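To start, the structure itself, in structure tokens.
Nothing in this text is a laboratory measurement; each read-out follows from the coordinates by a stated rule. These numbers come from a predicted model, not from an experiment. Using ideal geometry, Cβ is built from the backbone for each residue, glycine included, and neighbour counts are taken over all protein chains shown.
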Amino acid sequence: MRETPSVYCSGPDAVRDAIGRLRPNRSRIPLTRIVDVLATAFERWLARGFADREAALAQIAASSGWSRELLDESIDALLAPFTRDALISLASTLMPRARLGGFIMPGNAPGAGMHELVASLLAGSAALIKTSQREPHFFAAFMQTLRAIDPGVGSLLEVISFGREREDLSHAMLTKCDFVVALGDDASIAHLSGNRRIFGFGSRTSGALISLAPPANVARLALSLARDVVLFEQQGCLSPHHVFVADADLASMHDFTTTLCDVLISFATTLPGAKLSFNSAAAIRRLRERARWRSIGGHPIELFEGGNMSWTMVLEPDARFTLSPGYRCVTVSAVRDHNDLAIRVAPVAGRLEAFALSVPAHARARFVDVLAGAGVTYVCDPGKMQSPPVNWPHGGGAFLDFLAVHDE
């Protein structure tokens, strides 16, 4: 099995050297060639057994504790939208310009940031990619694929990795790049400075709204939503933490929740869960104990628990949007109408990214308006949350707008 290249960066010269190699390569390659190479790379990565993919996912599984089965399904979902036609369409909306972009990628979800990276390449930019030491493998392997297909297009990327404590390296990157895209938690984004064009994608979350009214297929809804929950172990911004059920009585909600639990039980076998860290296990235990004690105290809460912390469901009909610790933990609640939904999502307004939506056609427009007002950038059918289109306006779309403008 091929190993991914080492990208660890030990000193400021490594950053400067990488930038020095990238600057001459900006916009020297025809756009049609970049599109073709990217499309070929995604076709290869969507084939299980491809050497670069196999090597990267094996290393990610070993370091993260995630199962290979889960990683395969997650990466398939992430990369599925990157078809040749979609890349051509996206490229037609962008304004090619010779720039050098810096990309600070997170360690929580492998492949996060791919949408921004691809858009940047299609806009004529070279890319210096700083990966997390927690997950340095994915983008190094993807760069290796591009270089094997076409060394010229592959030369548009350099991948480095260093820890947060290396402020000298961060400063070099922030001051030398023409723009910087940073993905991570709010605290990580807040301290970045030194570049007038920093596009920060901080802490974001997602949810779902469904109706159980006929002709809804409850079993299919449960399967689709469970898949959205399980992929990437709820560690990315597109993972749902809270499922709202429109205009349903308590008995129907209970039945739906138990159906969802049954699917999660099945997924525990086919897509085994991660090996939990102490902190993650403790967070899940706190969630369960809080629900248990509130139920004992007379609150209308029902707790459903998988063995070995494998999944957790909290049925709390009146809850507002509730963040979970991830790792297959979900709250299920009821909403009466679009006005009620606005109240329920108010605690996370401005920090919502995606919503799976399955409601009757006559109610859809009002719910979509509420979600748009809360900042949601991607509304999709259940089961599609981890596969946003290549032109997804992540974080509100400011970065895509930046790449599309003709004048600066």
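General observations
- Result for the chain in a Gaussian network model with C-alpha springs under 10 Å: among 338, 115, 362, the largest mean-square fluctuation is at 362.
- Equivalent ellipsoid semi-axes, region 12-203, via Cα gyration tensor eigenvalues times 5, rooted, Å: 24, 22, 15
- Normalised convex hull volume, region 205-380, alpha-carbon set, Å³ per residue: 107
- Hz values of 3J(HN,Hα) by residue in region 339-344 - Karplus curve (6.51, -1.76, 1.60), Gly and Pro given as x: 5, 5, 4, 4, 5, 5
- Full extension of the chain between residue 293 and residue 404 yields a length gain of 34.7 nm, computed as 0.36 nm times the residue separation minus the alpha carbon distance.
- Three-way shape call for the chain based on the alpha-carbon gyration tensor, with the a/c threshold at 1.5: prolate
- Distance between region 168-239 and region 260-310 - C-alpha centres, whole angstrom: 23
- By average C-beta atoms within 10 angstrom, highest first, the peptides 122-134, 223-235, 90-102: 223-235, 122-134, 90-102
- Highest mobility in the GNM of the chain, judged by mean-square fluctuation with C-alpha springs under 10 Å and restricted to 62, 18, 182, is found for 62.
- Measuring between their Cα centroids, region 106-165 and region 18-61 lie 8 Å from each other.
- Net length available on complete extension from residue 97 to residue 167 is 22.3 nm, with 0.36 nm assigned per residue and the Cα-Cα distance removed.
- Within the chain, DSSP assigns beta bridges of which about 10% are antiparallel (rounded to the nearest 5).
- From its DSSP helices (H runs of at least four residues, each -39,500 (n - 2.57)), the chain gives a residue-normalised ellipticity at 222 nm of -13500 deg cm²/dmol.
- Size descriptor, Kirkwood hydrodynamic radius, that averages inverse alpha-carbon separations across region 242-294, Å: 13.4
- The length gained on full extension between residue 254 and residue 13, counted as 0.36 nm times the residue separation minus their Cα-Cα distance, comes to 80.8 nm.
- If R0 is taken as 30 Å, the Cβ-Cβ distance between residue 84 and residue 247 corresponds to a FRET efficiency of 0.10.
- In the elastic network of the chain, a GNM with C-alpha springs shorter than 10 Å, the most mobile of 266, 64, 161 is 266.
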